[in-house]
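Q: Sharing a structure here in structure tokens format.
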Amino acid sequence: MTIYTAKEDFSKLFAKPEWCAADLKLDLSGIVEIDTSGAQLLVLFAHAVAEEKSIKLTKISDSADSVLNLLNLKKILTQEDVAV
């Protein structure tokens, strides 16, 4: 999730059929590289679904964990029962 893949990542994130579920779980285990653009996509996604659904980040990769902590977003985007 970087500036170079932002458009593709946006399309993938917002086209998921799992949006039908009451609660969304976003598996971040596949994130090998993430920059501020990727973090912005996660915040945008969380904001877009916040009114109707809850979102939980699961299996947070080391790369994602590092950036989310650095930007102080982990507290905002995660909930207590997140599996790290």
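Q: Long-range amide H contacts for Thr58: which residues qualify at under 5 Å (H placed 1.01 Å from N, peptide plane, sequence gap of 5 or more or a different chain)?
A: Amide H neighbours of Thr58, under 5 Å, 5+ apart: Leu26, Asp27, Leu28.
Q: Something else about it: Determine the principal axes of the Cα atoms in the range 6-77, then give the extent along each, sorted from largest to smallest and rounded to whole angstroms.
A: The principal-axis extents, from largest down, are 30, 26, 18 Å.
Readers should treat all values here as calculations from the given coordinates under stated rules, not as data from a laboratory. Just so you know, these numbers come straight off a predicted model, no measurement behind them.
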